[in-house]
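Peer 1: Could you have a look at this structure, given as structure tokens, before my questions?
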Amino acid sequence: MDLYSPIFTRASTRKFDPSPLPKDILSKLGDFLGEVKPLLPDVELKHEIVSGRDVKGMALPKAPHFLLISGKKHPLRNTAAGYLYQHAELWLYAQGYATRWLAGVKPKEPDPDYIIGIAFGKPAEPAVRKTEEFKRKAMSEITGGRDSRLEAARLAPSGMNGQPWYFIVDGGKIHTYYKPNLGGLLSKMYNLTDLDVGIALCHLAVAGEHEGRTFEFAVMEEGVPAPPSGFSYVGTVK
């Protein structure tokens with residue numbers, strides 16, 4: 001399965017065909033997620049796939065399916081969730097389907113461990129774009145150093161398109177940082193920037209696999225460059 005190409009063509013959509021996907025696709029999605037190596041082995045995550053009847057929220061798209069993500073408390077829970085379930089988004093795009101991350105969707109039944117949801121289904125309008133149509137920061141704004149995998153990370157989606165990440169290349173390592181909040185009014189509207197950096201790490205891992213490179217993530221105790229102003233250290237890709 002090619003997860004790399006969708007990084008450069010994917011687009012979020014609010015217009016879905018309301019017809020449900022075949023049951024075997026939903027089953028294969030679950031099987032695929034079970035095969036993805038987690039960002040951190042000690043983070044407990046789970047998901048369920050429900051219909052629009054089982055969710056609530058304002059201005060939700062009329063999608064046939066919602067993937068609801070939850071997990072036990074952990075300092076990097078949200079980052080690990082973004083990492084794992086961005087793999088699901090890329091897998092769905094590779095199958096010809098469309099998705100949209102939704103911070104505003106909630107399960108109808110309260111869940112104290114709930115994090116975020118993803119709407120998905122057949123697109124009712126083209127859900128693709130050219131690479132030059134992505135509205136993203138220049139590479140010089142998000143990196144210190146060069147690594148071929150970082151272009152894929154640069155194109156990652158994020159809440160409010162905040163792109164709250166920064167990468168410092170250190171030999172064969174990539175030290176990863178994020179903004180704990182977007183500042184100003186945006187910080188009141190969206191507070192999952194730690195999840196966004198996990199999405200970017202997913203793209204980094206997929207790009208590395210495309211190049212035949214291994215991906216190993218760890219939180220280092222020492223030897224980490226100081227974060228840029230306003231950023232916090234997340235972990236290091238080796």
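The values are calculated or read from the model by the stated rules, or taken from the named source; none is laboratory data. Keep in mind it's a predicted model, so treat the numbers as computed, not measured. Note that we place each Cβ from the backbone using ideal geometry, even for glycine, and neighbour counts take in every protein chain shown. Side chains included, ligands, DNA and RNA excluded: accessible areas come from the protein's heavy atoms. Shrake-Rupley method; radii C 1.70, N 1.55, O 1.52, S 1.80 Å.
Peer 1: Against the longest alpha carbon principal axis of the chain, how many degrees, from 0 to 90 and to the nearest 10, is the axis of helix 193-210 turned?
Peer 2: Once rounded, the angle reads 80 degrees.
Peer 1: Using DSSP, restrict attention to beta bridges with both residues in the chain and report what percent are antiparallel, rounded to the nearest 5.
Peer 2: Working: 34 of 36 bridges.
Bridges in the chain are about 95 percent antiparallel.
Peer 1: From Cα pairs below 8 angstrom and at least 6 apart in sequence, can you work out the relative contact order of the chain, rounded to a whole percent?
Peer 2: Computed over the chain, the figure is 22 percent.
Peer 1: Let me ask something else about it. For the chain, take the longest principal axis of its alpha carbons; what is the angle in degrees between that and the long axis of helix 77-94, to the nearest 10 within 0 to 90?
Peer 2: So the helix axis and the longest Cα principal axis differ by about 60 degrees.
Peer 1: Here is a further query. For segment 52-121, how big is Rg over Rh, using alpha carbon atoms and the Kirkwood form of Rh? Walk me through the numbers before you get to the answer.
Peer 2: Details: Rg = 12.2 Å, Rh = 12.6 Å.
That ratio equals 0.97.
Peer 1: Helix 23-35 versus the longest principal axis of the chain: what is the Cα-based angle in degrees, 0 to 90, to the nearest 10?
Peer 2: Rounded to the nearest ten degrees, it is 20.
Peer 1: A follow-up question, please. Round to the nearest 10 and report in Å² the accessible area of Val224, as given by a 1.4 Å probe over the protein chains' heavy atoms.
Peer 2: Its heavy atoms expose roughly 40 Å² to the probe.
Peer 1: Considering only DSSP beta bridges where both residues belong to segment 134-238, give the percentage that are antiparallel (nearest 5).
Peer 2: 85
Peer 1: Connecting C-alpha atoms closer than 10 Å in a GNM of the chain, tell me which of Gly30, Gly171, Gly223 has the biggest fluctuation.
Peer 2: Among Gly30, Gly171, Gly223, the largest mean-square fluctuation in the Gaussian network model of the chain belongs to Gly223.
Peer 1: In square angstrom, rounded to the nearest 10, how much accessible surface does Arg149 have for a 1.4 Å probe?
Peer 2: Probe radius 1.4 Å; accessible area of Arg149 about 10 Å².
Peer 1: Quote the charge dipole size of segment 1-160 about the Cα centre in Debye, to the nearest 20; the model charges only the Cβ of Lys and Arg (+1) and of Asp and Glu (-1).
Peer 2: 460
Peer 1: Report the residues of segment 80-103 in range of a label on Asn161: point 7 Å along Cα→C-beta, backbone N strictly under 19 Å from it.
Peer 2: 99-103
Peer 1: Further question: Between the alpha-carbon centers of segment 159-238 and segment 44-102, tell me the distance in whole angstrom.
Peer 2: 20
Peer 1: Just the number, please: carbon plus sulfur as a percent of the accessible area of the chain, 1.4 Å probe, no ligands or DNA/RNA counted.
Peer 2: Values: 5930 of 11640 Å².
Summing carbon and sulfur atoms, their accessible area is 51 percent of the total for the chain.
Peer 1: Loop-only trypsin sites (Lys or Arg not before Pro) in segment 1-84, please: DSSP not H, G, I, E or B, and at most 13 other Cβ atoms within 10 Å. Intermediate values should be presented prior to the final figure.
Peer 2: On the way: sites: Arg10, Arg14, Lys15, Lys23, Lys28, Lys46, Arg53, Lys56, Lys62, Lys72, Lys73, Arg77; in loops: Arg14, Lys15, Lys62, Lys72, Lys73.
Within segment 1-84, the qualifying trypsin sites (Lys or Arg not before Pro) (loop, at most 13 other Cβ atoms within 10 Å) are Lys62, Lys72, Lys73.
Peer 1: Using the charge dipole of the chain (Lys, Arg: +1 at Cβ; Asp, Glu: -1 at Cβ; taken about the Cα centre), state which of Gly71, Val36, Val224 has its Cα farthest towards the positive end.
Peer 2: Sorting the options by dipole projection puts first Gly71.
Peer 1: Can you work out the accessible area per residue across the chain, with the rest of the protein chains kept in place, probe 1.4 Å, in square angstrom?
Peer 2: Heavy-atom accessible area per residue stands at 49 Å².
Peer 1: Among Gly162, Gly198, Gly34, whose mean-square fluctuation peaks in a Gaussian network model of the chain (Cα, cutoff 10 Å)?
Peer 2: Gly34
Peer 1: Report the percentage of all Cα-Cα pairs in the chain whose separation exceeds 29 Å, rounded to a whole percent.
Peer 2: Of the Cα pairs, 24 percent sit more than 29 Å apart.
Peer 1: Let me ask something else about it. With the crude spin-label approximation of a point 7 Å out along Cα→Cβ, what separation in nm comes out for Arg136 versus Ser229?
Peer 2: Roughly 2.7 nm, to one decimal.
Peer 1: Let me cross-check Met1: its accessible surface, 1.4 Å probe, with only protein heavy atoms counted, in Å² to the nearest 10?
Peer 2: Approximately 140 Å² of Met1 is accessible to the 1.4 Å probe.
Peer 1: Mind scanning Lys15/Lys106; Lys37/Lys73; Lys56/Lys137; Lys37/Lys238; Lys28/Lys56; Lys62/Lys106 and naming the pairs with a C-alpha gap bigger than 24 Å? Display every interim value, and only then the final one.
Peer 2: On the way: Lys15/Lys106 19 Å; Lys37/Lys73 19 Å; Lys56/Lys137 33 Å; Lys37/Lys238 15 Å; Lys28/Lys56 26 Å; Lys62/Lys106 14 Å.
Over 24 Å apart, Cα to Cα: Lys56/Lys137; Lys28/Lys56.
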